[in-house]
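Heads up, the thing below is written out as structure tokens.
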Amino acid sequence: MHIVIMGCGRVGSTLAHILEDRGHSVAVIDQDPEAFRKLRSSFKGKKITGIGFDQTVLEKAGIREAAAFAAVSSGDNSNVIAARVARESFGVDRVAARIYDPRRAEVYQRLGIPTVATVRWTADQMLRRLLPEGAEELWRDPSGEVVLAEVAYDPAWVGEKVHAVEEATRARVAFVIRLGEAMLPGPGMVLQEGDVLNVIAAQHDLADLQAALGTRDGPGRRVQEKRAQDRKPQQKGAQ
């Protein structure tokens with residue numbers, strides 16, 4: 001898939017290299033052409049000089065074909081503006097913004113922009129927001145048999161009840177993080193776009209759990225297909 005990164009500092013260049021090594025095409029945007037020196041000489045992606053929330057610059061970076069967008073420049077406001085433009089103007093579903101001021105993170109989460117604060121920053125956290133996959137263990141009991149894990153899921157699960165997730169995985173959904181707030185699921189709770197699932201499961205069931213959540217036919221699948229169809233006329237009109 002194609003991924004656009006705004007900001008070519010230490011984090012941006014690290015992300016670019018990791019994503020390229022995983023076989024993805026990458027475009028990096030930065031206002032300072034000297035910043036691209038942080039990229040290795042073998043980097044094959046696009047290097048675009050300009051302001052990351054400028055639509056013309058984003059189009060040069062291939063934002064219309066992008067499956068994900070990461071804003072990791074040195075400015076909180078620029079990162080959030082760019083992330084919103086990518087999502088709202090170009091329909092990119094997976095966006096994430098780096099935030100230096102943790103106090104702002106909750107506000108931006110409520111705007112629908114997943115954020116990673118510097119105080120708990122790692123490149124792995126940003127990767128999980130751009131390319132959600134697998135399960136990340138958060139806690140394990142002393143026996144090692146029971147784990148609490150943040151698990152990725154196919155977007156097609158959006159619109160399904162949390163109870164359906166539990167039935168399909170034989171796991172218990174411990175809590176859901178929605179717009180930056182942890183919520184205990186009730187019997188009628190429905191998964192919404194951007195929800196982060198945290199489940200309690202037997203350690204030996206994790207692989208099956210990931211497989212079960214990795215695909216789904218349902219309301220979310222139809223929403224995905226409709227979005228894909230809606231984007232096609234926009235792309236044709238821009239050509």
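Where a number appears in this text, it was derived from the coordinates with a stated rule and is not lab data. None of these values were measured; they are calculated from a predicted model. Counting neighbours? That spans all protein chains shown, and the Cβs are built from the backbone with ideal geometry, glycine included.
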Check your understanding: Which aspartates and glutamates have a Cα less than 16 Å from the Cα of Lys46, not counting those fewer than 8 places away in the same chain?
Key -> Glu20, Asp21, Asp30, Asp32, Glu34, Glu59, Glu65
Check your understanding: Arranged from highest to lowest average of other beta-carbon atoms within 10 Å per residue, in what order do the peptides 41-47, 64-70, 207-213 appear?
Key -> 64-70, 207-213, 41-47
Practice item. Could I have the simple spin-label model distance between Ile18 and Ser74, label points 7 Å from Cα toward Cβ, reported in nm to one decimal? Key: 2.2 nm
Exercise for review: Could you rank the peptides 73-83, 192-202 by their average count of other C-beta atoms within 10 Å per residue, with the highest value first?
Suggested key: 73-83, 192-202
Practice item. Figure the gain on full extension for Glu150 and Glu193 (residue separation times 0.36 nm, minus the Cα-Cα span) and round it to one decimal in nm. Key: 13.9 nm
Check your understanding: Between Ser143 and Ser89, what is the FRET efficiency for a Förster distance of 45 Å, r being their Cβ-Cβ separation, to the nearest 0.05?
Key -> 0.35
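Peptides 15-27, 141-153: what's the order by average Cβ count within 10 Å, highest mean first?
In decreasing order of mean packing, 15-27, 141-153 become 15-27, 141-153.
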Practice item. At 0.36 nm per residue, minus the direct Cα-Cα distance, what do Ala164 and Leu179 gain on full extension? Give it in nm, one decimal, please. Key: 3.2 nm
